[in-house]
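Taking it in order: structure first as structure tokens, then the write-up.
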Amino acid sequence: MVFLTNQSREEHHFVNPNEQPSVGINEKYNAAKGDASVKTSIERRVIKVFISSTFKDMQKERDYLMNTIFPELKRIAAKRNVTFVPIDLRWGITEEESKSGKVMELCLQEIDNAIPFFIGIIGERYGWCPPVEEFRKSRLLREKYPWVEQDIEQGLSVTEMEMQYGVLRRKERINAAFFTTGGTWDAPVGGRIAKLKRAIIKDGRYPIIDSFTPEEFGKKVKNMYLQFLEQYFPEVPSEETDRLSQALIAESHADIYIPVEENEEVIDAFLAQDERPALIIKGEQGVGKTALLSGCLYKNGKALERQTAYHFFNYQRKSIYSIIKQFEEKMSKENVKLLIVNRFDDYTENEQQSFFEWYTSLEHQPKLIITILDYYQQLSPIANISLSFDMEPLAESYRRQFITEYLKHFGKKLSETQTNVILTHPLCTNMLILKTILDELLLFGKFELLDHRIAELLDAKTPANFFQKVLERFEKQYGRKQIRAFFSAASLTYFGLKSEDLIGIADVDMKELEFSLSTALKDLKKIKFEYQHFEDNFQEYLVNRDGFISLAHTYMLKAVEERYLADDKAEKKLRKKIIEQLELHIGISKVTEKCNGRVEEVAYQYMMLGNKSDLEYFLESDVPRTYLKKNQPDLFNTLLEIATSEE
């Protein structure tokens with residue numbers, strides 16, 4: 001691998017957002033938004049990265065970024081309350097736009113939106129060289145990017161124009177790097193490609209890297225953007241993590257929120273009245289409850305957000321007692337007028353009761369909004385002091401607007417025909433399914449097969465059928481055996497499984513991550529690190545309750561049951577494997593912290609297997625009996641009664 005620059009590798013550094021960038025950009029090539037856009041993106045805690053390359057010879061590299069590296073960077077960024085947005089324009093320009101000369105203007109606008117982040121990849125193809133008619137057809141190019149005409153007359157490809165405009169012609173240094181997969185930088189191929197490479201080398205300000213495999217390329221990009229995250233957005237203190245995480249959830253939903261007047265009127269009317277202090281919002285999973293509340297929080301200049309203590313359900317599921325503490329901390333510092341708890345139905349009856357007792361004991365009681373799934377009924381006594389709102393699916397016009405606005409964040413657009421195909425499918429009245437379809441399309445990189453991919457995703461009659469399509473993609477990326485074992489184990493657990501137990505049960509990840517369980521005792525730390533990459537990509541379908549992981553996504557749960565667990569023998573075999581794995585940690589001599597959660601889970605698995613004698617034997621063993629009697633006496637008595645009953 002070659003790394004060329006006029007500076008040494010140690011001396012080379014990327015633009016610091018805290019430094020004042022040089023203002024003297026060549027006016028001929030000045031971006032429309034200029035330095036103000038850099039400041040805005042940093043202030044908004046957004047990293048939007050533009051990927052420039054020819055398409056046909058870079059499918060594997062782009063696919064590896066979009067399917068493996070960028071999801072991981074997105075998760076890491078989210079932990080710092082940063083939104084990571086890749087701009088991959090392999091599709092997203094409609095046929096109508098292409099005919100009207102908008103290809104170049106859309107590319108250049110997305111470069112402006114992404115500054116100061118840019119990835120350039122050079123292969124063996126120079127790329128499409130547009131005719132001058134493309135420039136003349138576009139009023140925007142003539143007014144905003146007049147230099148394009150000269151570039152076209154000189155025979156530059158769109159790819160080189162992107163690299164020249166986005167990086168090389170700027171006097172201020174930005175966060176860019178160039179990679180090649182077609183020959184080395186020392187021995188370039190092709191006259192125009194060689195000339196472009198020499199221009200990059202002569203510039204001397206940017207990393208220049210030979211990358212011979214998609215994996216090698218992906219690793220370099222990942223390390224580079226980890227550096228950017230550290231430089232722009234240093235890790236926040238642990239006490240700030242929860243607040244920033246919640247803010248990111250609310251902001252990300254507010255960004256894609258489509259206002260519905262009737263729904264907002266319900267929120268406004270509730271806040272204006274004094275008869276009932278609480279509002280319960282019901283709706284099916286994916287109907288848009290979180291988006292509605294986030295949108296209301298952030299409208300009118302975040303006026304309501306500043307007066308609200310809120311908790312939205314996410315992968316790291318906090319106990320109700322942690323949420324109460326979080327609310328109390330904000331109430332001690334600010335005049336809080338509203339409390340919001342999303343997915344209140346996910347908490348146990350005891351937790352719900354504790355929250356209600358705390359809430360009703362407050363001397364100055366803020367308004368309270370909770371959301372629950374539509375089928376959930378157990379909310380007494382909160383229901384006695386609450387108004388109720390049953391949220392309906394969005395009308396087609398709102399969902400059409402959502403498709404447009406959501407894809408716009410990524411520089412993409414569907415044709416009217418493609419949009420209509422999606423909107424007319426019965427499953428796409430559900431916003432969760434609609435958004436998942438769009439997310440799947442964002443990962444897809446072949447424009448000529450886009451219609452086929454849409455048809456594949458929509459070939460489903462139920463939500464479970466649809467999410468099996470998502471599982472199919474996971475299987476292609478990680479292997480069917482491991483995806484089946486991982487999701488099946490996560491679906492069969494009741495109390496949740498520790499990461500190290502999922503490693504043993506699901507055999508993650510033998511092929512892709514290049515380790516085997518035989519190394520577990522010697523190098524568990526390394527395995528857990530590699531496994532975390534595997535787990536991170538599935539966080540939207542999981543919940544982590546104090547280190548215990550299970551499936552949180554009801555549609556995915558049903559999909560897993562239908563796809564992997566229809567055979568009773570397969571289910572029983574996996575339950576036995578869960579027991580074997582957990583009993584390794586429980587031990588036989590004394591109660592340790594490793595028993596926490598595992599003893600309960602083993603007892604549950606024995607119960608689900610229907611083998612009363614094995615369950616009774618386990619409960620009468622020294623460690624499980626001692627642990628359960630001390631920590632879960634009611635559960636112990638219930639399980640023992642089940643084990644010893646004659647029925």
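The values are calculated or read from the model by the stated rules, or taken from the named source; none is laboratory data. This is a predicted model, so every value here is computed, not measured. Positions of Cβ are backbone-derived with ideal geometry, glycine not excepted, and every protein chain shown enters the neighbour counts. Keep in mind that these areas ignore ligands, DNA and RNA; they rest on the heavy atoms of the full protein, side chains included. Shrake-Rupley method; radii C 1.70, N 1.55, O 1.52, S 1.80 Å.
Key figures for this structure:
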{"read-out": "Exposure of residue 85 as accessible area (Å², to 10), given a probe of 1.4 Å and all protein chains", "value": "10"}
{"read-out": "Surface share of carbon and sulfur [accessible, 1.4 angstrom probe, percent] for the chain", "value": "49"}
{"read-out": "Whole-number percent relative contact order across region 356-466, with pairs defined as alpha carbons under 8 Å at least 6 apart", "value": "20"}
{"read-out": "Charge sum, other residues only, whose C-beta stays under 10 Å from residue 213's C-beta, Lys/Arg counted +1 and Asp/Glu -1", "value": "-1"}
{"read-out": "Label point distance in nm, residue 351-residue 416, each placed 7 Å from Cα along Cα→Cβ", "value": "4.8"}
{"read-out": "Linear extension gain, residue 566 paired with residue 128, 0.36 nm per residue minus alpha-carbon span", "value": "152.6 nm"}
{"read-out": "Bins of 10 Å, starting at 0 and running to the largest distance - Cα pair percent for region 263-388", "value": "12, 48, 37, 3"}
{"read-out": "Three-way shape call for region 357-514 based on the alpha-carbon gyration tensor, with the a/c threshold at 1.5", "value": "oblate"}
{"read-out": "Estimated [θ] at 222 nm from DSSP helical runs (n ≥ 4, -39500 (n - 2.57)) normalised by residues in the chain, nearest 500", "value": "-15500 deg cm²/dmol"}
{"read-out": "Per residue solvent-accessible surface (Å²) - region 66-182, probe of 1.4 Å", "value": "34"}
{"read-out": "410, 217, reordered so the largest accessible area comes first (probe 1.4 Å)", "value": "410, 217"}
{"read-out": "Per residue value of the accessible surface for region 392-448 (all protein chains in place, 1.4 Å probe), Å²", "value": "45"}
{"read-out": "Nearest-10 value in Å² for the accessible area of residue 128, using the 1.4 Å probe", "value": "120"}
{"read-out": "Rounded to the nearest 10 Å², the accessible area of residue 627 at probe 1.4 Å", "value": "10"}
{"read-out": "Set 413/446; 481/590; 79/446; 79/413 screened for pairs whose C-alpha atoms are more than 26 Å apart", "value": "481/590; 79/446; 79/413"}
{"read-out": "Cβ-derived FRET efficiency at R0 30 Å, residue 269 paired with residue 364, nearest 0.05", "value": "0.85"}
{"read-out": "Local electrostatic count at residue 462 - Lys and Arg +1, Asp and Glu -1, tallied over other residues with Cβ under 15 Å", "value": "0"}
{"read-out": "Fraction in percent of alpha-carbon pairs per bin - 10 Å, the chain", "value": "3, 13, 22, 24, 20, 11, 5, 2, 0"}
{"read-out": "Added length on full extension, which subtracts the Cα-Cα distance from 0.36 nm per residue, residue 333 to residue 60", "value": "93.1 nm"}
{"read-out": "Heavy-atom SASA rank of 553, 425, 452 (probe 1.4 Å, accessible area, largest first)", "value": "452, 425, 553"}
{"read-out": "At R0 = 45 Å, FRET efficiency that the Cβ-Cβ distance of residue 449 and residue 376 yields, to 0.05", "value": "0.65"}
{"read-out": "Point-to-point label distance, residue 390-residue 194, nm (Cα→Cβ direction, 7 Å offset)", "value": "7.4"}
{"read-out": "Mean Cα-pair separation over length for region 246-374, i.e. relative contact order, pairs under 8 Å, 6 or more apart, %", "value": "33"}
